[in-house]
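What follows is a set of notes on a single structure, which appears directly below.
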Amino acid sequence: MAERDPSAQFGGPFTNSTIPPPRTRIFKIIVIGDSGVGKTCLTYRFCAGKFPEKTEATIGVDFREKLVEIDGESIKIQLWDTAGQERFRKSMVQHYYRNVHAVVFIYDVTNHASFRSLPAWIEECKQHALGSEVPRILVGNKCDLQDSVQVGTDEAQHFADAHCMPLFETSAKSPNSPGTHHNSDHVEAIFMTVAHKLKSQKPLVLSQLPKGSEGTTALTGRIEGDNTAATWGSCGSC
Amino acid sequence: MEKPRRDGASSPRNGRQDGDTRRKRKTADISQALSANPVDVATLRRMAISEGGLLTDEIRCQVWPRLLNVAPHLLDQDPETVERENNKDYNQVLLDVQRSLRRFPPGMPDEQREGLQEELIDIILRVLKRNPQLHYYQGYHDIVVTFLLVVGERMATALVEKLSTHHLRDFMDPTMDNTKHILNYLMPIIERVNPEVHDFMQQAEVGTVFALSWLITWFGHVLSDFRHVVRLYDFFLACHPLMPIYFAAVIVLHREEEVLECECDMAMVHHLLSQIPQDLPYETLISRAGDLFVQFPPSELAREAAAHESMAASTFKDFELASTQQRPDSVLRRRRRQKQAALESSTVSPVGAVSQPSTARRFMRLAVMGLTVALGAAALAVVNTALEWAPKLDLFP
């Protein structure tokens with residue numbers, strides 16, 4: 001799982017200025033949204049490949065990762081699963097916004113309040129100074145519960161468009177069972193879409209840079225986003 | 001590099017019979033302390049801290065109220081019913097309680113568990129309703145469920161209410177700023193015992209959020225074996241409210257080797273530390289936490305903890321405390337100096353040394369710590385310290 005190569009961590013700031021050794025790139029993605037929308041289930045589903053049997057309230061921040069291969073390059077996707085309760089956000093979650101490469105907003109399609117909270121979540125991102133080049137996606141979860149849907153696709157799509165985000169509707173629970181919901185996206189596909197988007201951006205970070213070279217770690221600020229992916233569109237207002 | 005020390009975890013016990021004898025004796029001591037007039041709370045504290053804690057839930061039902069100084073008449077009150085509609089906390093509490101399946105004993109029939117979950121919701125809402133200054137946090141339910149399972153709904157309500165207005169008070173502020181401040185004690189403790197681990201963690205910029213759920217749930221959220229949870233509750237109920245942070249530090253220090261072998265990266269170290277091993281040598285760690293508390297009392301760490309603060313205005317009472325704690329502190333320091341002097345004049349192997357200390361001074365300190373591992377002294381000191389702090393903290397009014 002974890003790379004164990006501590007020797008590489010302590011090189012001076014100049015060791016990396018030559019050709020860096022081939023390393024696994026890391027995409028750091030933060031997952032946010034109201035309490036109970038399914039952040040833990042979705043991240044677990046992606047990383048472990050199955051729906052977790054019993055999930056509990058996330059206290060603080062949990063971390064999961066998965067190694068994927070994109071165009072022959074293996075990339076580590078790190079998902080930071082954050083507590084939904086508002087009181088944790090200000091003091092506790094701050095730290096985990098640093099050097100984030102992408103943001104996944106999640107709401108629960110059966111809970112309209114969780115959808116109405118989205119502007120607040122977007123505002124939180126803004127306050128953490130995430131630039132507009134950091135890709136964001138919107139995910140409506142629990143769409144297997146068709147009978148209790150409170151947030152229609154049209155309404156969600158409208159919101160997503162207004163904020164230049166692609167929208168996905170999915171269910172962490174039964175994304176693969178055929179016939180449950182014909183429009184449902186696979187959890188894997190959603191996160192892989194983000195990963196592809198990130199990979200297409202350049203120049204991206206190496207996993208870790210030596211400490212002390214702060215200027216280069218804040219790479220999100222100098223990514224020149226290639227806004228070619230249709231889903232992310234080119235939104236004048238953003 | 002040394003091999004990882006497995007102190008306590010597999011040390012051979014002195015045989016079953018011996019254990020039984022000790023249990024019996026402890027049970028008798030507890031009964032005696034309970035029947036004394038007035039109740040001998042100091043002995044009860046010592047029993048709750050020392051090896052094995054309070055042994056059984058039956059004993060806990062009698063001793064926990066004493067440790068929290070809850071008046072007996074409060075334990076007999078019929079719990080009032082709480083309105084759930086239009087309750088600002090109900091939705092969040094319901095959400096968290098519904099998901100708390102793992103807190104209940106495996107094999108418990110669904111019906112029974114669901115009944116307890118209802119009681120759990122009621123206790124939480126009741127305490128919040130009666131104390132509008134308290135704010136619910138995710139994890140509070142992990143604390144309350146522990147009390148519910150050990151002492152039942154009626155007594156749990158009284159105990160949790162007391163706990164919430166004392167030990168847990170800081171976690172229940174409108175914001176988590178004070179909780180964050182308490183987490184800031186973690187690194188100074190680690191630094192004093194093992195600067196290498198401290199520096200490594202600083203370099204990884206891991207922060208302290210990995211210990212957040214430990215602190216605010218008293219480890220109820222992360223330990224899967226309920227017996228371990230209640231053993232820790234015995235300990236924490238008998239000690240100063242900051243003891244859980246000392247215990248958190250002790251866990252990190254116990255995992256020194258793993259930490260130092262980890263990739264020096266925030267994600268990796270956070271991941272490693274937040275996965276708490278389930279086979280910790282609890283008794284050893286408890287006595288070590290007690291030792292650290294004696295050696296590095298909160299008042300001594302307060303300034304550093306505050307320096308970790310990013311926000312200027314901390315409302316935490318440490319500075320106030322620090323100024324009122326001159327007496328116990330100076331006593332402890334004097335004691336420590338005497339011990340160190342004694343050590344310097346003799347050759348003692350550092351039995352309790354946690355790691356390779358970088359300076360002779362630290363080496364000496366750790367040796368002192370090793371000597372005090374003989375729990376009696378440490379436990380007593382913790383008790384005394386806690387009691388002397390009491391008036392200010394209003395812990396035992």
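The values are calculated or read from the model by the stated rules, or taken from the named source; none is laboratory data. Everything quoted here is computed from the prediction, not taken from an experiment. With ideal geometry, Cβ positions are generated from the backbone for all residues, glycine too; neighbour counts draw on all protein chains shown. With ligands, DNA and RNA removed, areas are computed over all heavy atoms of the protein, side chains included. Shrake-Rupley method; radii C 1.70, N 1.55, O 1.52, S 1.80 Å.
Before moving on, here are some points about what is shown:
- So A:Asn111, is it under 21 Å from A:Ile30 (Cα atoms) and either touching a residue at least 12 places away in the same chain (Cβ under 8 Å) or surrounded by fewer than 20 Cβ atoms within 10 Å (Cβ to Cβ) (or both): no
- Applying the set (1) farther than 25 Å from B:Ala267 by Cβ; (2) out of contact with any helix residue (DSSP H, G or I) (no Cβ under 9 Å at 6 or more places or on another chain) to A:Lys126 leaves exactly one unmet item: (1).
- When residues of segment A:114-158 are limited to those that are open to solvent by 40 Å² or more (accessible area, probe 1.4 Å) and among the aliphatic types (A, V, I, L, M), the one nearest to A:Thr43 (Cα to Cα): A:Leu145
- Hits in segment A:47-61 - residues which are away from chain B (no Cβ under 12 Å) and aliphatic (A, V, I, L, M): A:Ala48
- Qualifying residue in segment B:187-208 (condition: away from chain A (no Cβ under 14 Å), part of a loop (DSSP other than H, G, I, E, B) and over 17 Å from the mean Cα position of the chain (by Cα)): yes
- Residues that are touching a residue at least 24 places away in the same chain (Cβ under 8 Å) and more than 10 Å from the chain's Cα centre (by Cα), drawn from segment B:232-257: B:Ala249, B:Val250, B:Ile251, B:Val252, B:Leu253, B:His254, B:Glu256, B:Glu257
- Flag for B:Ala48 being among the aliphatic types (A, V, I, L, M), at pLDDT 95 or above and open to solvent by 30 Å² or more (accessible area, probe 1.4 Å): no
- Criterion violated by B:Glu83 - all others in (1) closer than 26 Å to A:Ser114 by Cβ; (2) within 14 Å of chain A (Cβ to nearest Cβ) satisfied: (2)
- Hits in segment B:189-215 (condition: farther than 19 Å from A:Met92 by Cα and not polar (S, T, N, Q)): B:Ile189, B:Ile190, B:Glu191, B:Arg192, B:Val193, B:Pro195, B:Glu196, B:Val197, B:His198, B:Asp199, B:Phe200
- Within segment A:38-81, restricting attention to residues that are in contact with a helix residue (DSSP H, G or I) (Cβ under 8 Å, 6 or more places away or on another chain) and in a helix (DSSP H, G or I), the residue that is surrounded by the most Cβ atoms within 10 Å (Cβ to Cβ) is A:Leu42.
- Taken over segment B:224-241, the criterion of being open to solvent by 10 Å² or more (accessible area, probe 1.4 Å) and more than 14 Å from chain A (Cβ to nearest Cβ) is satisfied by B:Asp225, B:Phe226, B:Arg227, B:His228, B:Arg231, B:Pro241.
The rows are residues; the columns are (1) assigned to a helix (DSSP H, G or I); (2) among the aliphatic types (A, V, I, L, M); (3) within 13 Å of chain A (Cβ to nearest Cβ).
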| position | (1), (2), (3) |
| --- | --- |
| B:Ser213 | yes, no, yes |
| B:Val222 | no, yes, yes |
| B:Val250 | yes, yes, no |
| B:Glu258 | yes, no, yes |
| B:Cys264 | no, no, yes |
| B:His271 | yes, no, yes |
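- Subset tally (residues that are open to solvent by 50 Å² or more (accessible area, probe 1.4 Å) and part of a helix (DSSP H, G or I)) for segment B:63-94: 5
- Residues in segment B:134-166 that are at pLDDT 95 or above and part of a loop (DSSP other than H, G, I, E, B): 6 in all.
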